[in-house]
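See below for the structure under consideration.
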Amino acid sequence: MPPRLRTTNVPCTLTCCPSVRSQCITQPSRTSRQFSQTSCQQVTLRRRKFYDWLNGPGLALKEPIPGSTNYLGAYDRYGNLVRASPGWQRRKAGEQQGQSAEQEGEEKKEEAAEGQESPDELEMAARRTEQAKKAEQAGGDALPPETVEDLRPFPLNKHFRSQPVLSEGLREAIYQRVKRDGATVSLASVEFGVSNERVGAVVRLKQMEKEWIAQGKTLAAPYSKAVLDMLPTTPYVDPNRPENKGKRPITHEPINDLPVHAATRQQLFVPVAESRHFTRVDAGKAFDNTLLPADDRIPHPELVQAERELASGLSFEERKKLAEERLAAEQARKAQEEARLKAEDAALKKVPQRRWDFVFQDFSIETVGKSERSLEGVGWRYGFPHEDRKKGHVKIPTKVEA
Amino acid sequence: MPRKPPRYHSLKKIKVRADWSRWSLYHLSQLRPPNLGARTYFQQKWSAKSDTRAYHGEHIREKKWKRRFTSSLPAVVPMDHKYLARHDGSEQAAGRGAGADAQEKTRTPQMTPYMQMTYWPMERRLDMAIWRALFASSARQARQFVVHGLVKVNGKRMRYPGYLLNPGDLFQVDSECVMFATGAPKTRTAVARQVAEEQRAARREAYDPNNSKKPSSELEALPAPTSREEPSPTELKKHLQTLMDDVEGVLGTEVKAKDKQKLRDFRSTIRKAISLWKTATADTIATLDNQFSFLRSALSTAKPEASKSSDPSTQLLSKEDTEKLKAAFDRLKEQAEYDSTWNKRDAKKPYLTPWRPRNYMSAFAFIPRYLEVNQNICAAVYLRHPVARPGLAEVPTPFSIETGQLAFNWYLRRR
């Protein structure tokens, strides 16, 4: 909506007379309807400024830049895209995009990050090389890759930025690796540089998508295309292609995140003899007796184990044997757990019904305890009110079984 | 839920709201760091709290939020497995007392912005997660989706917007509603309808095969007013038709049988493309333009040879050229088919068709790392709680860290 023009609804004859003017002010300037509840939308300075901004610097944010992100942090006060070369224009970007889509087949992926120390910089570097390649192919006039500032949707918040999401290709690759090749989640996580939980989620969602396709449901394809075009994405480096030989996949996120334990939030001074070999395990004990060292609390302790064996100078065969032994032990443990669950299930007496089964389980009435108020007790007890009838108890479910 | 404040996007009192409107964008651009001088600590805390609460869960009553607030803020530290394998931690204390304390410069890790994590319990709410996953254009709209029963959690309908997601929960929003929420709205005003009607009439006239000659001559006569860079589908169609005539002309002259076959293939691909022109939408035009220029250049390089000599060594179109042309046309066809099946014009839809994202969406489009979203099925998984890590806080908040700290302290004082 363009700014409304200021209408002089007060006759000039009135303005010269002070008594009448005061009357004018008490009555809001001409409203179309007497009964209207809408506040009178006069052209104020603020409103004019708002529309000036919208039609000036804000105009660039109205529509997405094809093939790039378009955040507030990428622009200066006057609405110029900071990273763009002086001759760059939005219109050209669209054309460039069309050309680069043609050449997408022969895109090359640059070597990615190793190590986990500073994943942010490495991830940014990987993306930058990626985009520089693209820009090179598209010609001299393309947008340079985004810097950290360009990915800030909130310019004031320096500690937040739009982080890349998985591209469609990478999602499909993860799904195929887990479902078709039968890789474990942790293995796929290490291979693709994607956290354990995300691998599981990708597989779940992809599975659902395939079911949708099989059922012939309509996918939200235009939405998906538009959104993935607006977001920064982590591309997939297909190792099977000849041009990607020797290239490592781009790390999506740090996979070995150690959660900060509540016990370690305090500062602690522990006097230790100089001669004592004070390790991480001891440090953990100093904070809390149950606190395990970082090696055991990270999501991929097997990587540490493998690295340790490598450092101890074991040969390849020996390491392989050890790894196989560990795998076998893990599988045995899993099988045992499964068997236990199955046995527990079989011990229950079940009476099948049309919709639900009756399940009988042995309970002791002694579980309610001496006070008869223990939470372990089963069944409703006379004179004991239901929890959800009490004040302050919320009836919103706290979990939904998958 | 408290009612919506009367001046939700007031220009006088700047409050950034949790939506994708132009007002929010303007307010974001006008946001300044808090004025800390000449104000009491209480005043600073109060304004920080009021600013942040206007964005974070403004539709939740203050008392509810105060009960939800917790002073423990989750954080993680990325570890390097190689370092963990090589060192057991004793190296950090080794030899200090013996004078061996001249070490190499250790990098100081980045500060962990805990103070931007004040509102992390808010991000656990189902409606907020839906909004963060880009399935709704505002937190209030996300809430409405939940209340109206359009959202499923782990395959079961969930009608409570205050449901706190647990790590691993999969939520799913009706895809039509997502398209409605994030797509450009239908034009409803009388003027817009009139303009659309006029455009439609013009298009109908342009597509009419009987008087196709007339508009083309008009277009040639008036090149100045139509100063668009991209040619319209009709223009493209015309170009391609002339191109096909050219091909037929070449076919008429004597060429070897093999070349003739190739040219016939070429002609059939062009014909296919022409038949698909009608379904072409605005965003395919750029691709079409490129295809066309490529085609023309390929033909112009190949054509003079063919016209001047008819000997078999110089072929009209080399093998690679035909392959390329084939590929280009296949892609073109795919694109047009994709648009005609997935993104076609449909007056019954509640949003503008063909679908395009709503205005100013790209400025707000980000997906935090604690969500994994599949846009095709409009479903997402809440992977874990948002965490702070060195240099990065995962709770999206438009305010500076000073404001965050003041807000945190406001809520801390009653604990």
Handout entry: In range of the label at residue B:412: residues from region B:28-72 whose backbone nitrogen is under 13 Å from the point 7 Å along Cα→Cβ
Key = B:45, B:70-72
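Enter the buried accessible area of the B/A pair, total of both sides, probe 1.4 Å, in Å² rounded to the nearest 100.
Summed over both sides, the interface buries about 9100 Å².
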Practice task
Using a 1.4 Å probe and ignoring any ligands, DNA or RNA, find the accessible area of residue A:264 and quote it in Å² to the nearest 10.
Solution key: 50
Exercise for the section: Within 10 Å of each Cβ in peptide A:295-303, how many partner chain Cβ atoms are there on average? Round it to a whole number, please. Expected result: 3
Fill in the blank from the handout: region A:262-350: relative contact order from alpha carbon pairs under 8 Å, six or more residues apart, as a whole percent, is 13
Exercise for the section: Sort A:53, A:380 from largest to smallest accessible area, using a 1.4 Å probe on the heavy atoms of the protein chains. Expected result: A:380, A:53
Handout entry: Whole-number percent relative contact order across region A:165-244, with pairs defined as alpha carbons under 8 Å at least 6 apart
Key = 43
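Quick one: order B:58, A:302 from most to least accessible surface, probe 1.4 Å.
Details: B:58 30, A:302 70 Å².
Sorted by accessible area, descending: A:302, B:58.
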Exercise for the section: Take peptide A:188-201, look around each residue's Cβ out to 10 angstrom, count Cβ atoms belonging to other protein chains, and average those counts. Expected result: 3
Practice task
Output the pairs from A:210/B:326; A:350/B:156; A:158/B:13; B:45/B:66; A:206/A:399; B:186/B:348 with a Cα-Cα distance over 19 Å in this structure; if there are none, say none.
Solution key: A:210/B:326; A:350/B:156; A:158/B:13; A:206/A:399
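Looking only at other chains, what is the average number of their beta-carbon atoms within 10 angstrom of each beta-carbon in B:375-386?
On the way: counts 15, 15, 12, 4, 6, 2, 7, 2, 6, 5, 1, 0.
Other-chain Cβ atoms within 10 Å of each residue's Cβ, averaged: 6.
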Practice task
Could you state how much accessible area residue A:43 has, in square angstrom rounded to the nearest 10, with a 1.4 Å probe and all protein chains kept in place?
Solution key: 30
Practice task
Please compute the net charge surrounding residue B:34, taking Lys and Arg as +1 and Asp and Glu as -1 over other residues with Cβ under 13 Å from its Cβ.
Solution key: +2
Problem - Estimated distance in nm for a label pair at residue A:247 and residue A:346, the labels positioned 7 Å out from Cα along Cα-to-Cβ - result: 5.3
Exercise for the section: Measure out, as a whole number of angstrom, how far apart the alpha-carbon centroids of region A:295-309 and region B:364-386 sit. Expected result: 28
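Arrange the residues B:203, A:161, B:188 by how much accessible surface each exposes, largest first, with a 1.4 angstrom probe.
I get B:188, B:203, A:161, largest accessible area first.
What's the carbon and sulfur percent of region A:192-307's accessible surface, probe 1.4 angstrom, rounded to a whole number?
That fraction is 54 percent.
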Practice task
Could you work out how far apart the two model spin labels at residue B:66 and residue A:168 are, taking each label as a point 7 Å from the Cα in the direction of the beta carbon, and quote it in nm?
Solution key: 5.0
Practice task
Determine the distance separating the Cα centre of region A:328-402 from the Cα centre of region B:1-43; give it in Å without decimals.
Solution key: 49
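To the nearest 0.05, what FRET efficiency results for residue B:187 and residue B:108 with a Förster distance of 51 Å applied to their C-beta separation?
Given R0 = 51 Å and the Cβ-Cβ separation, E is 0.35.
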Practice task
Would you work out which of A:208, A:233, A:221 lies farthest towards the positive end of the dipole of region A:160-233, given +1 charges on the beta-carbon of Lys and Arg and -1 on that of Asp and Glu, about the Cα centre?
Solution key: A:208
Problem - Rounded accessible area of residue A:177 (nearest 10 Å², 1.4 Å probe) - result: 60
Handout entry: Relative packing of peptides A:270-280, B:125-135 - highest average C-beta neighbours within 10 Å first
Key = B:125-135, A:270-280
Completion exercise
Toy charge model, Lys and Arg Cβ at +1, Asp and Glu Cβ at -1: region A:262-350 dipole around Cα centroid in debye, rounded to 20, equals 360
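Could you tally the net charge around residue A:270, taking each other residue with its Cβ under 10 Å from the Cβ of residue A:270, Lys/Arg +1 and Asp/Glu -1?
Net charge around residue A:270: 0.
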Completion exercise
Check: C-alpha center region B:323-354 vs C-alpha center region A:272-291, spacing in Å is 65
Completion exercise
Pairs over 28 Å Cα to Cα, from A:62/B:63; A:179/A:342; A:395/B:15, come to A:62/B:63; A:395/B:15
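The values are calculated or read from the model by the stated rules, or taken from the named source; none is laboratory data. For clarity, every value in this text was computed on a predicted model and none was experimentally measured. Here Cβ is always computed from backbone atoms with ideal geometry, including for glycine, and neighbour counts include all displayed protein chains. Just so you know, the surface numbers come from the protein's heavy atoms only, side chains and all, with ligands and any DNA or RNA stripped out. Shrake-Rupley method; radii C 1.70, N 1.55, O 1.52, S 1.80 Å.
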